[in-house]
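The values are calculated or read from the model by the stated rules, or taken from the named source; none is laboratory data. All values derive from a computational prediction rather than experimental measurement. Here the Cβ is made from the backbone with ideal geometry for all residues, glycine too, and neighbour counts use every protein chain on show.
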Amino acid sequence: MVKHLANGLGSDKINRRFVKQGVYMTYKAYIKNGVAVLDGGVKLPEGTEVSLEPATGSELPVIPLMESFKDLIGKINDLPADAAANKRHYLYGHPKT
């Protein structure tokens, strides 16, 4: 869903009244190549501020952090024994703890 503050588009009195009351208009859209495309060929003026929220049932799946890094787990075998305790030393040169 794409919501945008009605800004007087069109010439009817209803639209102008909605603007004064701050009523939001809702449009259906889908994402294509990272861009929100409004259904029905609706065109909003360039720079129009919109608020997006996924429609019910189209939320992205939640992937556990361990699952995201499963290909990296156990791949680095040549770290110093104190690497975890002194990661700031090895990464940034801080004094060892």
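Considering only segment 62-97, how many residues are assigned to a helix (DSSP H, G or I) and exposed (fewer than 10 other Cβ atoms within 10 Å of the Cβ)? So that I can check it myself, show each step before the final result.
Applying the first criterion (assigned to a helix (DSSP H, G or I)) to segment 62-97 yields 65-68, 87-92.
Now narrow it down to the ones that are exposed (fewer than 10 other Cβ atoms within 10 Å of the Cβ): 65-68, 91-92.
Residues meeting the conditions: 6.
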When restricted to 28, 3, the only residue surrounded by 10 or more Cβ atoms within 10 Å (Cβ to Cβ), under 20 Å from the mean Cα position of the chain (by Cα) and modelled with pLDDT under 80 is 3
Restricting to segment 47-79, name every residue that is modelled with pLDDT under 85, of a type in the set (D, E, K, R) and over 14 Å from the mean Cα position of the chain (by Cα). 49
